[in-house]
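A.B. asks: Would you mind keeping the following structure in view while I ask a few things?
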Amino acid sequence: MSRILQALKGSVVVEKPRIYAEITFDRKLLMDVFLLMIAGTATALQGIVNGSLSRHTSPGFPPWLSFAVGSTLLFVFLMVDTRGGKSINWKNSLKTSPWWAWFGGLPGAAFVVVITLMMPIRGPAIVYSIYICAKMVTSLVVDSFGFLGAKHRPATLPRLAGFCIMTAGVLMVSLDK
C-alpha cells in the first residue's frame with residue numbers, strides 16, 4: 001500500500017492544508033496515460049477489424065493490409081521525425097545496437113497474424129484477455145531479469161498478486177460460456 005502511495009506522490013501534488021488548497025496533476029503522466037489508452041484502444045480495434053475482414057477475404061490479407069497501411073503512415077512519421085533520415089547516425093546505430101533490435105517487426109507481425117486468426121473464432125473478450133495475460137507474464141519475466149536491455153524491476157509480492165488477480169479475471173472471461 002505504501003508503494004502505491006509513493007507512486008501517486010510523484011503524479012499528484014497536494015499543497016499544505018489551507019483555504020482553497022489546490023491539487024495539481026503531473027501533466028506528463030496524464031498525457032502518457034492518455035496516449036497509452038489510445039494505443040490500447042487501437043490494438044483492440046485492430047484485431048477486431050482484421051478479424052472481420054478475414055471473414056470476407058482470406059486470413060492472410062488483413063495482416064498484410066494492416067502492415068501496408070501502417071508502414072505507409074509510419075514512413076511519413078519517420079521522415080518528419082528524422083528530417084528525412086538525416087538526424088540518424090546510421091553507422092553508429094548499426095555498430096551499437098544489438099543485432100536483435102533490428103527485428104522488432106517480427107513480434108508485431110506475429111501479433112497481427114495470430115489476433116486476426118483468433119478473433120473470428122474466440123471473440124474479442126477471450127482473445128484480448130489471454131493476450132493481456134501473456135503480455136503480463138512476459139513483462140514480469142523481462143522486468144525481473146532485465147532481459148533485452150529493460151530496466152531491472154524485481155517481481156515483488158504486489159506485482160505478483162496483481163498478476164494473479166489478472167489471471168483469475170482471464171480465466172473468468174475465458175471459461176464463461
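Taken together, the values in this text are just the output of simple stated rules run on the coordinates, not laboratory data. Computed from a predicted model, the values in this text were never measured in an experiment. In this analysis, Cβ positions are derived from the backbone assuming ideal geometry, glycine residues included, and neighbour counts consider all displayed protein chains.
A.B. asks: Can you tell me the order of 104-112, 57-65 when each peptide is scored by its average per-residue count of other Cβ atoms within 10 angstrom, highest first?
C.D. replies: With the highest mean Cβ count within 10 Å placed first, the list reads 57-65, 104-112.
A.B. asks: Taking square-rooted eigenvalues a ≥ b ≥ c of the alpha carbon gyration tensor, is the range 92-177 rounded, prolate or oblate, where a/c under 1.5 means rounded and, failing that, a/b exceeding b/c means prolate?
C.D. replies: oblate
A.B. asks: If you don't mind, there's one more thing I want to ask. Sorting check: for 75-86, 123-134, which peptide has the highest mean count of neighbouring beta carbons within 10 Å, and how do the rest follow?
C.D. replies: 123-134, 75-86
A.B. asks: Can you compute the FRET efficiency between Leu74 and Cys164 using 1/(1 + (r/R0)^6), with r the Cβ-Cβ distance and R0 = 41 Å? Round to the nearest 0.05.
C.D. replies: 0.65
A.B. asks: Which of the peptides 30-43, 163-176 is most tightly packed, and how do the rest follow, judged by the mean count of other Cβ atoms within 10 Å per residue?
C.D. replies: Values: 30-43: 10.7, 163-176: 12.9.
Averaged packing, sorted descending, gives the order 163-176, 30-43.
A.B. asks: Let me ask something additional. Go from 0 up to the bin containing the longest alpha carbon distance in the chain, width 10 Å each, and give me the % of pairs per bin.
C.D. replies: Answer for the chain: a P(r) of 8, 21, 32, 26, 11, 3, 0 percent.
A.B. asks: What trypsin sites (Lys or Arg not before Pro) does the range 98-165 have in DSSP loop regions with at most 13 other beta carbons within 10 Å?
C.D. replies: Values: sites: Arg122, Lys135, Lys151, Arg159; in loops: Lys151.
Listed in order of number, the matching sites are Lys151.
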